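Okay, so here's the structure we're looking at.
The values are calculated or read from the model by the stated rules, or taken from the named source; none is laboratory data. All values reported here derive from a predicted model rather than from experimental measurement. Heads up, the Cβs are rebuilt from the backbone with ideal geometry, glycines too, and the neighbour counts pull from every protein chain shown. For accessibility, only protein heavy atoms count, side chains too; no ligands or nucleic acids. Shrake-Rupley method; radii C 1.70, N 1.55, O 1.52, S 1.80 Å.
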Amino acid sequence: NVETVLAVGDSGENVTKLQVALKNLGYIDTVPTGFYGDATKDAIQQFQLDYGVIFSLNDNGSGVFGPYTREVLSNVLNG
């Protein structure tokens, strides 16, 4: 399901795809592992801050790849 929310502890193909996208945008500099750990969380938080999804690391949804973050990422990737 493309609407799946991804967060720390998740793993699988959707996480790998997310990591590849984040790597392409320069948010991750390691090989995608398919595991949503601290590095992926940190990358998502930085992306969210850069694009106004969140305004502080304490905001609701910080570090979680949910529907709004997915929409913003899709827009950024598709220019």
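Looking at A43, A39 in this structure, which one is of a type in the set (A, V, I, L, M, F, W, C), at negative phi and open to solvent by less than 20 Å² (accessible area, probe 1.4 Å)?
Matching residue, one of A43, A39: A43.
When the residues of region 12-26 are narrowed to those that are over 9 Å from the mean Cα position of the chain (by Cα) and either of a type in the set (V, I, T) or not in a helix (DSSP H, G or I) (or both), which ends up surrounded by the fewest Cβ atoms within 10 Å (Cβ to Cβ)?
Among residues in region 12-26 that are over 9 Å from the mean Cα position of the chain (by Cα) and either of a type in the set (V, I, T) or not in a helix (DSSP H, G or I) (or both), the one surrounded by the fewest Cβ atoms within 10 Å (Cβ to Cβ) is G26.
Would you check which residues across region 62-78 are open to solvent by 30 Å² or more (accessible area, probe 1.4 Å) and either touching a residue at least 40 places away in the same chain (Cβ under 8 Å) or not hydroxyl-bearing (S, T, Y) (or both) and list them?
Answer for region 62-78, where residues must be open to solvent by 30 Å² or more (accessible area, probe 1.4 Å) and either touching a residue at least 40 places away in the same chain (Cβ under 8 Å) or not hydroxyl-bearing (S, T, Y) (or both): V64, P67, R70, E71, N75, V76, L77, N78.
Checking the condition modelled with pLDDT of 95 or more and not hydrophobic (A, V, I, L, M, F, W, C), which residue from G9, G79 passes?
Unique residue meeting the criteria: G9.
Let me spell it out: the conditions are (1) among the hydrophobic types (A, V, I, L, M, F, W, C); (2) open to solvent by 60 Å² or more (accessible area, probe 1.4 Å); (3) without any contact (Cβ under 8 Å) to a residue 12 or more places away in the chain; (4) outside any helix (DSSP H, G or I), and L57 meets all of them except one. Which number is the exception?
Condition (3) is where L57 drops out.
Mind checking whether some residue in region 67-76 is small (G, A, S) and either farther than 12 Å from L6 by Cβ or in contact with a Phe, Trp or Tyr (Cβ under 8 Å, 6 or more places away or on another chain) (or both)?
yes
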